[in-house]
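Engineer: Here it is: the structure, laid out below.
The values are calculated or read from the model by the stated rules, or taken from the named source; none is laboratory data. Quick caveat, the model's predicted, so the values are computed rather than measured. Every residue, glycine among them, receives a Cβ derived from its backbone with ideal geometry; neighbour counts consider all protein chains shown.
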Amino acid sequence: MSSHPDTLAGQEAWYAYEGPEQDVVLSSRVRLARNLANFPFPPCEKEDDAQRVQSLVFDSFSRMEHPDRFQAVGVNELELRSQQLLVERGLLPECAADKRDLNAPDADILRSYAHPLGIVVRTDGYVSCLVNGQDHVHICSFASGLDLTSPRQRCREIDAALQRTLQFAASYDFGFLTTSLRDTGSGMKLSAHMLLSGLSLAQQLRSVVDDLKSKNYGVSCSFAGNMNQGSSLGAYYKISSEQAFNGCEEDQLAEFAAAIRSVAESERKFRSEFAENKPTVLRNIVYRMFAAVKYSRFISCSEAIDMISALHTGCSAGLIEGITYSELNALLYRVRNAHVDFLNRNGGFSYERDVVQDPNLIIARLRALIMQEALESAQICA
Ligand SMILES: Nc1ncnc2c1ncn2[C@@H]1O[C@H](COP(=O)(O)OP(=O)(O)OP(=O)(O)O)[C@@H](O)[C@H]1O
């Protein structure tokens, strides 16, 4: 099973690599919002303005050093399944339907936008730029674990390179001007995906969420779930900054990193208390999921996310060995519908007679095989 869609230009995707604090923090994201001066912002722009903005941004990328490192495309030129692959990678915005039901068929992301989106992706997949989304330009970059410095550096390089040929809307008093007031200033939004299974099991999530909200950080479900009921699929949460005008970029970055570290410390504390006070309950959760992965013939996307979460918790409690956090994090991408579909179409697999006639069964069957292959060297530590 070699041709994973996450191998770009011969290089593994960013999420295949180890990162700091990965026992709790899966990944970090930095994005910069910018708008071109002298053009109405996306909610108010006309079709030909949007076309012109896209041409100017694509042209600016084509004039950068090594322009062949960038692939620029109008999203409406991509097949629905390619769009969905980019959504699953976090490069295109999700529409509400994706959040509600991960097992549902693909939704058309373009319908939520007044004008066609454009996207530029660097061929190594580390940095991308969305055109005509909420703002004219959203530059974004990811890194494994808690690492905001390297994605911010990559975003800044692209920002500086774009500013050689484009003029962005800015004011001395407010900084960069953006569609949403909360992005005005640095235009920077920071986020971290975290596994908060310890806090969830100990039912301590509410106070952590309230504390983050009081510091102007947003908390939402990474995959699906209901924040009001305090339940997120697999206990995966996204924490993000909600305002870009307080202090300089360095301060925003340092404060956000400190908040994430503090949540990570609480999470570790509650994970180890749970392991000490309820060792049998924890073993039951982890071992059942391990067995389910090993022996299931069909796995749905939401089941897979729950299973990966339990395996991750099991690894950090020393109950499972032979698989790394980064392998588990990469699995969270590999089990999504469009990723499995890509592999199915490119892998030349053959399936059992009773599976082959049903496309939904094929995807669930292949997902089970992907999970089993990832766990090949993993074992339970009794
Ligand atoms: N720290 C992270 N690690 C991995 N993926 C992330 C992270 N933060 C956000 N994402 C993914 O990136 C995509 C966009 O994130 P999000 O929903 O926060 O942005 P948005 O509000 O749509 O746009 P923007 O942040 O550009 O204004 C989503 O698919 C989300 O799951």
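Engineer: Given the residues 177, 199, 205, which is the only one that is at pLDDT 90 or above, touching an Asp or Glu at 6+ places or on another chain (Cβ under 8 Å) and surrounded by 17 or more Cβ atoms within 10 Å (Cβ to Cβ)? Steps first, answer last, please.
Structural biologist: Details: 177 fails: touching an Asp or Glu at 6+ places or on another chain (Cβ under 8 Å); 205 fails: touching an Asp or Glu at 6+ places or on another chain (Cβ under 8 Å).
Result of the check over 177, 199, 205: 199.
Engineer: Determine if segment 327-349 includes at least one residue that is assigned to a helix (DSSP H, G or I), more than 22 Å from residue 84 (Cβ to Cβ) and under 23 Å from the mean Cα position of the chain (by Cα).
Structural biologist: Yes; the residues of segment 327-349 include at least one that is assigned to a helix (DSSP H, G or I), more than 22 Å from residue 84 (Cβ to Cβ) and under 23 Å from the mean Cα position of the chain (by Cα).
Engineer: Residue under question is residue 254, and the condition is that it be away from the ligand (no atom under 12 Å from the Cβ), within 15 Å of residue 214 (Cα to Cα), surrounded by fewer than 19 Cβ atoms within 10 Å (Cβ to Cβ) and of a type in the set (A, V, I, L, M, F, W, C); does it hold?
Structural biologist: no
Engineer: Filter segment 124-144 for residues that are farther than 17 Å from residue 166 by Cβ and more than 15 Å from the chain's Cα centre (by Cα); which is surrounded by the fewest Cβ atoms within 10 Å (Cβ to Cβ)?
Structural biologist: 124
Engineer: If I ask for residues that are assigned to a helix (DSSP H, G or I) and among the aliphatic types (A, V, I, L, M), which ones from segment 293-326 would you list?
Structural biologist: Passing the criteria: 293, 304, 305, 307, 308, 310, 311.
Engineer: Right, something else. For segment 352-382, what are the residues that are assigned to a loop (DSSP other than H, G, I, E, B) and either closer than 23 Å to residue 307 by Cα or among the small types (Gly, Ala, Ser) (or both)?
Structural biologist: Selection gives 355, 375, 376, 377, 378, 381, 382.
Engineer: Here is a list: 245, 223. Which entry is aromatic (Phe, Trp, Tyr), in contact with a Gly (Cβ under 9 Å, 6 or more places away or on another chain) and surrounded by fewer than 19 Cβ atoms within 10 Å (Cβ to Cβ)?
Structural biologist: 245
Engineer: In this structure, does residue 77 turn out to be more than 29 Å from residue 334 (Cβ to Cβ), more than 21 Å from the chain's Cα centre (by Cα) and not hydroxyl-bearing (Ser, Thr, Tyr)?
Structural biologist: Answer is no for this residue.
Engineer: May I ask you to list the residues in segment 25-64 that are within 16 Å of the ligand (Cβ to nearest atom), under 22 Å from residue 187 (Cα atoms) and at pLDDT 90 or above?
Structural biologist: Looking only at segment 25-64, we keep the residues that are within 16 Å of the ligand (Cβ to nearest atom), and these are 25-35, 41-43, 57.
If we keep only those that are under 22 Å from residue 187 (Cα atoms) as well, we get 27-35, 41-43, 57.
Hits for segment 25-64 are 27, 28, 29, 30, 31, 32, 33, 34, 35, 57.
Engineer: Would you mind stating whether residue 1 is of a type in the set (A, V, I, L, M) and modelled with pLDDT of 90 or more?
Structural biologist: no
Engineer: If we only count helices (runs of 4 or more DSSP H) wholly inside segment 132-231, which ones have 1 or more residues that are within 16 Å of the ligand (Cβ to nearest atom)?
Structural biologist: Here the list reads 149-163, 205-214.
Engineer: Can you tell me how many residues within segment 74-91 are part of a helix (DSSP H, G or I) and away from the ligand (no atom under 16 Å from the Cβ)?
Structural biologist: Qualifying residue count for the region: 4.
Engineer: A further question on this structure: For the subset of segment 328-354 comprising residues that are crowded, with 17+ Cβ neighbours inside 10 Å and without any contact (Cβ under 8 Å) to a residue 60 or more places away in the chain, which member is farthest from residue 287 (Cα to Cα)? Talk me through it step by step, then tell me what you get.
Structural biologist: Going residue by residue through segment 328-354, those that are crowded, with 17+ Cβ neighbours inside 10 Å are 328-344.
From what's left, without any contact (Cβ under 8 Å) to a residue 60 or more places away in the chain: 328, 331, 335, 340, 344.
Numbers: 328: 16, 331: 18, 335: 20, 340: 25, 344: 29 Å.
Looking at residues that are crowded, with 17+ Cβ neighbours inside 10 Å and without any contact (Cβ under 8 Å) to a residue 60 or more places away in the chain, I get 344.
Engineer: Let me ask something else. Name every residue in segment 171-217 that is without any contact (Cβ under 8 Å) to a residue 24 or more places away in the chain and more than 28 Å from residue 233 (Cβ to Cβ), in order of residue number.
Structural biologist: 171, 172, 173, 181
Engineer: When you scan segment 27-39, do you find a residue that is in contact with a His (Cβ under 8 Å, 6 or more places away or on another chain) and surrounded by fewer than 17 Cβ atoms within 10 Å (Cβ to Cβ), even just one?
Structural biologist: Within segment 27-39 (the criterion being in contact with a His (Cβ under 8 Å, 6 or more places away or on another chain) and surrounded by fewer than 17 Cβ atoms within 10 Å (Cβ to Cβ)), the answer is no, since none of the residues qualifies.
Engineer: Would you mind finding the one in 71, 11 that is more than 16 Å from the ligand (Cβ to nearest atom), modelled with pLDDT of 90 or more and either more than 23 Å from the chain's Cα centre (by Cα) or surrounded by fewer than 20 Cβ atoms within 10 Å (Cβ to Cβ) (or both)? If you could, list the steps in order and put the result at the bottom.
Structural biologist: Numbers: 11 fails: modelled with pLDDT of 90 or more.
Selected residue: 71, the only one of 71, 11 that is more than 16 Å from the ligand (Cβ to nearest atom), modelled with pLDDT of 90 or more and either more than 23 Å from the chain's Cα centre (by Cα) or surrounded by fewer than 20 Cβ atoms within 10 Å (Cβ to Cβ) (or both).
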